[in-house]
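Inspection log for the structure reproduced underneath, given as structure tokens.
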Amino acid sequence: MAKLHVTTSVNGEPVEFLCEPYDTMLDALRGQLGLTGSKEGCSSGDCGACSITLDDRLVCSCLMLAAEAEGHEIRTIEGMAHGDKLHPLQQKFLEHAALQCGICTSGMLVASEALLKKNANPTEEEVRFWLAGNLCRCTGYDKIVRAVMETAAEMRGA
Ligand code: FES
Ligand code: FES
């Protein structure tokens, strides 16, 4: 089967790659592009470990075909920090020890950032509801939710 040529943008950089028609965006990120921050937890849209944004919309990269990235803007966990400077969410996750094995962490961070872009002042219920599609087998969620709430407050200057 002929490979497809995809031209897209990943974390603000123009990117081109070849993929099979059936490759997922997660396959392309972790394989062709060597961006292994997005994790594969389930491959069925149930765990959120592969979360990325497509034109600012939160999506599971395991449910998206790589070819669908053509002409769109992809953002991944690798684009979150600025050089050595962590994003406030990353910093707060560290301070709260809101991670253990780390498999869910990039997805949690990408999803949390997408939430704070839409809603700078979420209630705890809104944070929990938004992150309901991101599963964590380790932390029990409380530290994650607290980290997101505190980041939101800090970013608002509260
Ligand atoms: S690997 Fe995509 S949702 Fe679990
Ligand atoms: S830190 Fe292990 S799954 Fe969340």
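The values are calculated or read from the model by the stated rules, or taken from the named source; none is laboratory data. Worth saying up front: this structure is predicted, and the values here are computed from it rather than measured. Note: ideal-geometry Cβ built from the backbone for every residue, glycine included; neighbour counts use all protein chains shown.
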Counting only residues in region 56-68 that are more than 13 Å from the chain's Cα centre (by Cα) and either free of Cβ contacts under 8 Å to residues at least 40 places away in the same chain or outside any strand (DSSP E or B) (or both), the one nearest to ILE103 (Cα to Cα) is identified as LEU63
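To keep it simple, each residue is scored yes or no on (1) of a type in the set (Val, Ile, Thr); (2) more than 21 Å from LEU33 (Cα to Cα).
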residue	(1), (2)
ARG57	no, no
THR76	yes, no
ALA98	no, yes
VAL148	yes, yes
ALA158	no, yes
Checked region 69-83 for anything within 13 Å of the chain's Cα centre (by Cα) and not polar (S, T, N, Q); matches are ILE74, ARG75, ILE77, GLU78, GLY79, MET80, ALA81
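Could you tell me whether region 86-96 includes any residue that is surrounded by fewer than 14 Cβ atoms within 10 Å (Cβ to Cβ) and assigned by TED's automatic domain parsing to the domain that holds LYS118? Steps first, please.
Step one: list which residues in region 86-96 are surrounded by fewer than 14 Cβ atoms within 10 Å (Cβ to Cβ), which gives 94-95.
Applying the additional criterion that residues be assigned by TED's automatic domain parsing to the domain that holds LYS118 yields 94-95.
Looking for residues that are surrounded by fewer than 14 Cβ atoms within 10 Å (Cβ to Cβ) and assigned by TED's automatic domain parsing to the domain that holds LYS118, one finds at least one in region 86-96, hence yes.
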Taking the conditions exactly as written (of a type outside the set (Phe, Trp, Tyr), closer than 16 Å to CYS136 by Cβ and in contact with a Gly (Cβ under 8 Å, 6 or more places away or on another chain)), does GLY79 satisfy them or not? no
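Just need a number here: residues in region 13-55 that are more than 8 Å from ligand 1 (Cβ to nearest atom), in a loop (DSSP other than H, G, I, E, B) and of a type in the set (D, E, K, R).
Filtering region 13-55 for residues more than 8 Å from ligand 1 (Cβ to nearest atom) gives 13-25, 27-38, 52-55.
Right, trim to in a loop (DSSP other than H, G, I, E, B) and you get 20-23, 31-38, 55.
Of the ones still in play, those that are also of a type in the set (D, E, K, R) are 20, 23, 55.
Result for region 13-55: 3.
For region 30-55, give me each residue that is among the β-branched types (Val, Ile, Thr) and in contact (Cβ under 8 Å) with a residue 12 or more places away in the chain. Full working, then the answer.
Within region 30-55, the first condition is being among the β-branched types (Val, Ile, Thr), and the residues that meet it are 36, 52-53.
Once the filter is applied, which keeps residues that are among the β-branched types (Val, Ile, Thr) and in contact (Cβ under 8 Å) with a residue 12 or more places away in the chain, region 30-55 yields ILE52, THR53.
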Considering region 108-151, residues that are of a type in the set (S, T, N, Q) and surrounded by 17 or more Cβ atoms within 10 Å (Cβ to Cβ), and then whichever is modelled with the lowest pLDDT, we arrive at THR139
Heads up, the helices (runs of 4 or more DSSP H) in region 88-133 (entirely inside) with at least 1 residues that are in contact with a Phe, Trp or Tyr (Cβ under 6 Å, 6 or more places away or on another chain) are 105-118
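Could you check, for region 69-79, whether at least one of its residues is free of Cβ contacts under 8 Å to residues at least 60 places away in the same chain and in a helix (DSSP H, G or I)?
Going residue by residue through region 69-79, those that are free of Cβ contacts under 8 Å to residues at least 60 places away in the same chain are 77.
Narrowing further to those that are in a helix (DSSP H, G or I): 77.
Checked region 69-79: at least one residue is free of Cβ contacts under 8 Å to residues at least 60 places away in the same chain and in a helix (DSSP H, G or I).
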